[in-house]
Structure formats: C-alpha cells, structure tokens
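Let me begin by presenting the structure, written as structure tokens, before commenting on it.
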Amino acid sequence: MQLWLIPILPLAGFLINGLFGRRFSKGLINAVAIGSVVLSFAWVLKTIFGLGELSAPYTEHYFTWIQSGIVNIGCDFAVDRLTVVMLLVVTGIGSLIHIYSIGYMAHEGGYYRFFAFLNLFMFFMLVLVLAANYLVLFVGWEGVGLCSYLLIGFYFDKKFATDAGNKAFIVNRIGDFGFSLAIFYMVKNLGSLDFATVFQRAPGASEAVLTTIGLLLLLGACGKSAQLPLYVWLPDAMAGPTPVSALIHAATMVTAGVYMTARSWPIYTHAPAAMDTIAIVGIATAFFAATIGLAQNDIKKVFAYSTVSQLGYMFVGVGCGAFSAGIWHLVTHAFFKALLFLGSGSVIHALAGEQDLRHMGGLRKKTPWTFLTMMCAAVAIAGIPPFSGFYSKDAILLAAHQHAPWMYWLGVVTAGMTAFYVFRAMFLAFFGDYRGHEHAHESPPVMIAPLAILALLSLVGGFLFNVPHFLAALFPALAESEDVSLMAISVAAGLAGVALAWLMYVARPGMADSLAAGLRGLYTWVYNKYYVDELYDAAVVKPVVNGSRVVLWKGVDAGLIDGSVNGVGARARNLGSVLRLMQSGSIRSYATWVLFGSVVLIVAMVAVEISLVGGAR
Amino acid sequence: MTEVPISWFLTLSAVLFVLGVAGFLFRRNIITVFMSIELMLNAVNLTFITFSYQLKRVNGHLFAFFVMVVAAAEAAVGLAIILTIFKNRGTLNIDDVDSMKN
Amino acid sequence: MDVILFLVFAIIAVVCAINVVVQTHPISSAISLIGVMGSLAVLYLLLGAEFIAAAQVIVYAGAIMVLFVFVIMLLNAGAETRKGRSFMVQLLGVPLLIGLLGLLAYFVQRLYLPGVTVHFGGFRGGTPLDIGRALFTTYLLPFEVTSILILIAILGAIVLARKEMD
C-alpha cells in the first residue's frame, strides 16, 4: 500500500520549497506546496479504497529503529478505522487551508517559507497519525510542536509573535515531559511501545501501573491539546497567521491529544481513575474557557478560547467512555472551527488587519459570502439540529449524563455559553453599523471556495458521516441512551444563548456595556483571563528564571565550575612559586640536594635488597 | 699478621670519599671545591683497584685508568672555566656565582 | 711488613685529605692533595697495580696537580674569607655526611670477606703488558673514545680561556 508516501509527499514539498523556494515564482511555490498535500490526500483515498473493510489494522514495517535489550522499536505505520478518520481530516482540511492560504498570504513576505513550514507540519502530523508505536507517535508529536513554534513566530520581527512561539513550545514541553515519563514507564512495565503489544498486555498489568501511565499520557495531552492547566499557550498562538490558527490550532495539532487518548483506550478502560480525571479535566476546561471567551474583544481570541472549550468537550467524551463520540466531535469541530477561523481571516483580510470586534460591524453587506459561510459554522457550533455540531455534542452530553449527571449539567451551561459568545462575535462583526475606518471588500474566490466547502461539511457532515457507526467496531461498546428530554434541554440551552446574544448585541446594543459596567469586578477578572498568565509568571516563570540566574549561573557555573577550573590553575601557579624557591642560585645548596638524593637512593636500594634477600649477608 | 685485610682498603676509600664530599659542601673557594672532587675520584680509584685485586682481574685497573683520563680532561676544562669566571666576576667565592637565582 | 706499610701510608693519606678540606689557603690544599695522591700510589703498589701507580704519580700528581697549582698561582687566590652562608648546607650538610659514612660502612661490613688479604705479589696481573693487552682488545672502543674526549677537552680549554679577539 506504500503508506510511507502519505507523509513523504508533504516532506518533499517542504524540502523543495524550503531549499529552493526563494528563487521560485509564486505559482511554482503554490504548485509544489498544494500539489504535495492534494496528492497526499489522493493517496489517502486510494489507500482507503484499497484496504476495504479494515476490521483489523493494516501495518507496514519499514526498518528497525532501536534494538536494545527488551526494547525493540521499529519504524512502523499502521492503518485502522480510527487512522482513516484522522487521515481524512488532516489531509482533507489541510488541502483546503493550503488553498485558502494562497489568497491570504498573497501580500505577505516570506511566502515560500510559510508554505514550506506548512508542508513540514503536514509531514509530522501524518507521521503522528500513522504511527504504530508510541515512539514514532512521539516523533510526530514533537515535530508538530516544532512546526507550531515556527509558524506562530512566523512574523519573527514582532516580539509578541516570537514570545508566543516560545510560550507555546515551552508549555508543550511540560506536557511532553509527562509523555516521555509515560513512555519510560510503559517500557519498564509493559516491555514494549508497539500499540498492538501494549494493548494486548494492558489488561494483564496492575491498575496502579495503568493509572500512572494514563495520567502521564493525560499530562502530555493537556500540553498539546491545551487543557487545564497547560492551555495558556493557545490564545497567545493567535499571533501567527490565521491559516495557521485554523489548521494547527483548531483542526489538527491540538486534536493530537484527543487522538492519542482515544488510541490508548485499552489502557484507560482498565484504569478508571485516569478516565475520570480526563473527564473532570475536560469539563472543567470547557466551562472555564467558555467563561473567558464571553468577554474577549479580539475575534481570533474568542475562537481560540472556543477551541480550548471544545477540546474540553472531546476529552469529556473520551473520559466518559464514549470514544467514538469524542472522535466525532473532533471531526465536526475541525469543520466548523476551521471555517470560523478562515472566515475571521477573511474578515481581517477585508479590513486590512483589523481584529477588534469593537471596530467591526455591518459587514453583512460588504462581505456576503464570508457572512453566509460563517453563519453555517456558527449554527453548527451552537448545537442546533440538524447541523453537524448537534450530533457530536449531543452524543458526548448523553455519555456524560450516564457517567456523572453533574457533568451533563455543566456541559449544558457551557453549550449555552458557547452559542452566546459565537453569536456575539457574529452579531458584533456582521450586524449593526460599521464602526471602523477601513474600506471593506470581499475576499478573492481562492479564499471563498474553501470556506464554501467547509460550510457545506459543517451543515451536512453530521448525518452524512456517521463516524460512531464507522468506529463502533474499534472501541468498546457503550450502552447508549436515547433520552430525548436530555437532547431537548441541550438544544434549548443553545437556542437560549443565541437569543440572549441577539438581545444584547442587535436588539439593544447598549445593554452589553451597561451590564459590564454593573458587574465591574467580575467583568475585569474574566476579561483579564482570570489573571492566570500573571499567576504562572509569578509562581513559575520568575522563580525559575531567578533561580537559574542566581543559583545556577552565578553560583554553580561561575562560582563552582569556573572557580574549580581556575582554582586548579591558581594552585598550580602557587605550587610553582613555592618550588621556585629551590632555585637559590647557590651551587652549594644544589650540591647538598644531590647528596641528599643519592643517600636516599642508596638507602632505597639497600632496603629493596634486604627485603628481597631476607637480610642475610 | 703480615697481610692486610681487604676491608681496610675499602674503609680507607670510604673515609677519603666522605672527606671529599665534606670539602665539596663546606668550602667556599672554587678551586678547593675542585680539588675535593679530585679527592673523591681518587677514593673511587682505590676502590676499583681493590676489587680488581680481590677478583684477580685486570679490569679494575682499566677502569681506574679511564677515570684518570677523564679526571684530567675535566680538570683542564674546569680550570679554564674557573679562569673565565675569575676574569668576568673577579671573585673565586662559590656563593657569588648565583646569577641563576630565581 | 705489609701491614705497617699500609698503616703508615693510609694515615698519611687521611691526614693529608683532612688537610685538603680544612686549610684556608688553596695552595696548602693543593700540596696536601699531592700528598694524598702519593700515598695512594704506594697503596696501589701494595695492591699489585704497578702501571696504575706509575700513572698516578706521573699523570695525576705530576700533571693535573701541577695544573692546579699553576692556576692558583695565576689567579693569585688568597686565603678564603668567611663570607656567605648557604642555608641548605648548614641544615643538611653534617647529617648527610654522617649518613653517607654510615651507609658506606654498612656496605663494607656486608662485603667483609675474611679470607681475602692483601700482600705484595698477591696479584700479578697489573703489569703494563696486561694493561696494554686489555686496553687494545677488550677496551678498544673506550680507548678511542677517550682520545676524542681529550681532544674535546683541549679545544674547550683553549676556547674558554683565550682572550677576546678585538
């Protein structure tokens, strides 16, 4: 099946564009970059049709990577139904975003660099998805982190962009530390890193071991998928170009954590404590991020916090045992969130860089296509039937109710808040009077076409792609409840959110500001993201930096290491200056020394001879 | 007793040698130091000849002969050096020849 | 008879040696050294080293010591003054000497061979014939080398002691 072609094609695109792109024309760069991703997508389709039923995973082994003691890790790719879903999402949406970027980045510098990095990201993401063991997955994991850093800091002459890139990478690293520990623990206790072997041995291992592995893997997932407490990098990551936010921070990279936890389901089903933790982390993040999203004024930040919140939903699904529901939400979220980001990119492009919602308004007439497509995404994310978001979100909420009813109620409230802030953004941007100074114009077709395709998918993707049915053979079965009343409550919450947003931002525009003024303290707190960044800075960053500076640099490096090395030199010099005193210039003292030496030598010889001969004459 | 025990010769040689070393250490005139060296060499010659007698071989005599030759050469060159030192520094005091100090 | 001979000349040698070390004026030391060499020559005869004895008197006492006396007179070296002390020598000199003497005495003790005694005629292999034979067969190479050594010494002495060419 030549699975390796799937990631290698984007890698080839990266190499060609990266090495030679500086001299290429825009058309050639486009052809290489987009061509490689589209070809990869085509190969994915061919592989899927070639593999047929896929009741069992199909693996390809390329070479043995590490062979040391019990550890035998090969470079293996595997395809099963879960992989198929992920592959389609990554390559399909990746292709659409690549096409969109032609229009968005048309006037930006570093054109070839952007597409090269984007292709590199595709390569690593595909390696992550196709991996058949945890170490190859980790390679992809780290690689997408690297590409995220490169792309967030794409405008490297802006300090806030490079700072955001650093922040993303460093926070991710904390999660990766947890992942690495999980890998070590897995090797020690389960003896292998191959998915097949590990999942076979997992039921036999002790629950403590599995819980530890599960929690450590969760730490890694929190870093990559921006859950509490490691979510802080995602909002800042909006400093990168909007297609980057759409691809990496909405559709693909941040979902790697969800994919990895879903893939590790045999470990989690035997470690209920870890699964509970996943669900709790997920719902807490969902609620927390939604509250922050209510008060943001930057359109991209609203959607960033929305992403964090929706990722929380996916983790709730996984944590409650509804693995296929979590993956389904991953798919539908990819559709509408990518669309929301690309749409906001279109708005920003129309307004020549304006991102503040307070300076937008009335864009309905100026950018109709953008408005229509974004509306499709908005109704999908609000969970209104029969659009895609409704199906996946409902499946998760039902599973949550089965697991622990309080999670269901919290999820319903969050759904209401989700609908509210998305439609708040929509109303502020597209309705009312225009509050800015730019000359707004519609985006070119090359940007509109992907928006349209994604809009279509957001609308019909729910009932057209029955992902849980597709994945049912893979995951353990979960007794489904078809409680209509629960469904109705969640839909009602969504509609209520929409209605409240309409009330506050279209019908009575002044209401929002007066409410904010009334709840001054609470509003400030939420608007400043609960001062979490400041807390981290004071509690973690400053102590580490100061500790490094004072203890490690001045104390250990300059004092101890330099001191001891220089000290050796100084001692040698001192010794020399003491020995120098023997050079008195007096010949007689030299002669005395000679005599002294010879006497000592003779005594030594005598002693040796006595010891050898035994003192006899 | 008309015959001399051979250890007496060795003792004499040891005494002469130690006297030579004493002179070398304690005297301050360069020429006297040199003469002490000659004294040491003589003592060693006596030892060689003594052992040659004991072993009834002529090799010890040859050794002593070569020692004498080398002593002659050394005396010649050494005295030339002393002359030069005297010419340059005007002193025959060994403690004054200390330009190698520190 | 041999014992008396030995004792007389041994005492002369030791007294002259002490004189070499003790006298202040170098010329007195030089004369004493000649005395030592002469006594040693007699002792060599006792040991049957005829050639060496002759060489001692002719070469050592007759040429080398004459050279010494010549240089002393040339330099007009006066009596030694009590100037300059070396710390090392003061500290370690006497102990080391005693140590050395002790060591040598110890060696002599160990090598005490009761049966071997020295008398005139005890060793007859020290004739010029024997020396010559050994010199030109077994020790030919050292012989040739020492001739070069003497050549070097002559050259060295000439170079060191000549006046600067103006």
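The values are calculated or read from the model by the stated rules, or taken from the named source; none is laboratory data. Quantities reported herein were computed from a predicted structural model and do not represent experimental measurements. Cβ placement follows ideal geometry from the backbone for every residue including glycine, while neighbour counts extend to all protein chains displayed. Surface accessibility is based on the protein's heavy atoms, side chains included, excluding ligands, DNA and RNA. Shrake-Rupley method; radii C 1.70, N 1.55, O 1.52, S 1.80 Å.
Quick look at the numbers
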quantity	calculated
The protein assembly as shown, accessible surface, carbon-and-sulfur percent (1.4 angstrom probe)	71
Surrounding net charge for A:Leu228, when Lys and Arg each add one and Asp and Glu each subtract one, Cβ distance under 14 Å	+1
Rounded D (µm²/s) - the range A:400-491, Kirkwood Rh over Cα pairs, Stokes-Einstein at 25 °C, 0.890 mPa s	140
Lys/Arg +1, Asp/Glu -1 at C-beta; the protein assembly as shown dipole; positive extreme among A:Leu575, A:Ile29, A:Phe177	A:Leu575
Average partner coverage of C:69-79, which counts Cβ from other chains inside 10 Å	4
By average C-beta atoms within 10 angstrom, highest first, the peptides A:452-459, A:499-506	A:452-459, A:499-506
For chain A: relative contact order, % (alpha-carbon pairs under 8 angstrom, 6 or more apart)	11
Between B and C, accessible area buried - total, square angstrom, nearest 100, 1.4 angstrom probe	7000
Relative contact order, percent, the range A:237-388 [alpha-carbon distance under 8 Å, six or more residues apart]	27
Heavy-atom surface of the range A:265-371, accessible at 1.4 Å and reported per residue (Å²)	21
Simple Cβ-charge dipole of the range A:163-262, Lys/Arg +1 and Asp/Glu -1, about Cα centre, in debye nearest 20	100
Net dipole in debye of the range A:308-457 [+1 Lys, Arg Cβ; -1 Asp, Glu Cβ; about Cα centre; nearest 20]	120
Heavy atoms of A:Tyr112 accessible to a 1.4 Å probe, total area in Å² rounded to 10	50
Fraction of the pair-distance distribution of the protein assembly as shown above 38 Å, Cα-Cα pairs, percent	60
Contour minus Cα-Cα distance for C:Leu74 and C:Ile12 (0.36 nm per residue)	19.5 nm
Cα-based equivalent ellipsoid of the range B:1-72: semi-axis lengths in Å, sorted from largest, via gyration tensor	25, 16, 6
Simple spin-label estimate for A:Ala196 and A:Leu503 in nanometres, 7 Å along Cα-Cβ	5.9
Chain B: trypsin sites (Lys or Arg not before Pro) falling in loop per DSSP and having at most 15 other Cβ within 10 Å	B:Lys56, B:Arg57, B:Lys101
Length-normalised contact order of the range B:1-61 in % [C-alpha pairs under 8 Å, at least 6 apart]	34
Greater than 31 Å apart at Cα, pairs in A:Lys301/A:Lys393; A:Lys158/A:Lys365; A:Lys301/A:Lys366; A:Lys224/A:Lys365; A:Lys46/A:Lys337; A:Lys188/A:Lys529	A:Lys158/A:Lys365; A:Lys224/A:Lys365; A:Lys188/A:Lys529
Computed E for B:Asn88/C:Ser28 - FRET, C-beta separation, R0 22 angstrom, nearest 0.05	0.25
Unit charges on C-beta of K, R, D, E only; dipole of the protein assembly as shown, Debye	1500
Candidates C:Ser28, C:Ser39, C:Ser147: whichever shows maximal mean-square fluctuation once chain C is modelled as a Gaussian network with Cα springs under 10 Å	C:Ser147
Peptide C:35-41 - average C-beta neighbours from other chains (10 Å radius)	3
Restricting chain B to GluC sites (Glu not before Pro) in coil, as DSSP defines it, with at most 16 other Cβ within 10 Å	B:Glu3
Mean residue ellipticity (222 nm) of the protein assembly as shown, computed from DSSP H runs ≥ 4 via -39,500 (n - 2.57), nearest 500	-23500 deg cm²/dmol
Accessible surface of B:Asp98 - all protein chains present, 1.4 Å probe, nearest 10 Å²	60
Compactness of chain C - radius of gyration and Dmax, Cα, Å	20.4, 67
The range A:62-120: Rg to Rh, with Rh as the Kirkwood radius over Cα pairs	1.22
Calculated P(r) tail over 19 Å for the range C:85-151, as whole % of Cα pairs	68
Buried area at the A-C interface (accessible, heavy atoms, 1.4 Å probe, summed, Å²)	1400
FRET efficiency estimate (nearest 0.05) - Cβ-Cβ, C:Gln90 to B:Thr2, R0 45 angstrom	0.45
Solvent exposure of the range B:28-89 as accessible area per residue, Å², 1.4 Å probe	33
Packing-based ranking, highest mean first, of A:462-472, A:272-282, A:22-32 given that Cβ atoms within 10 Å are counted	A:272-282, A:462-472, A:22-32
Inter-chain Cβ neighbour average for residues C:153-161, partner chain, 10 Å	6
Accessible surface, chain C, averaged per residue in Å² (probe 1.4 Å)	55
Net +/- balance of residues flanking A:Gly103 in space, Cβ distance below 13 Å, scoring K and R +1, D and E -1	-1
Shape box of the range A:1-150 [Cα atoms, principal axes, largest first, Å]	52, 36, 20
Sorted largest first, extent of the range B:47-102 alpha carbons per principal axis (Å)	50, 23, 16
Peptide ranges A:572-580, A:140-148, A:114-122, C:71-79 listed from the most packed, as the mean C-beta count within 10 angstrom indicates	A:114-122, A:140-148, C:71-79, A:572-580
Calculated FRET value between A:Ile280 and A:Arg571, using beta carbons and R₀ = 45 Å, to 0.05	0.15
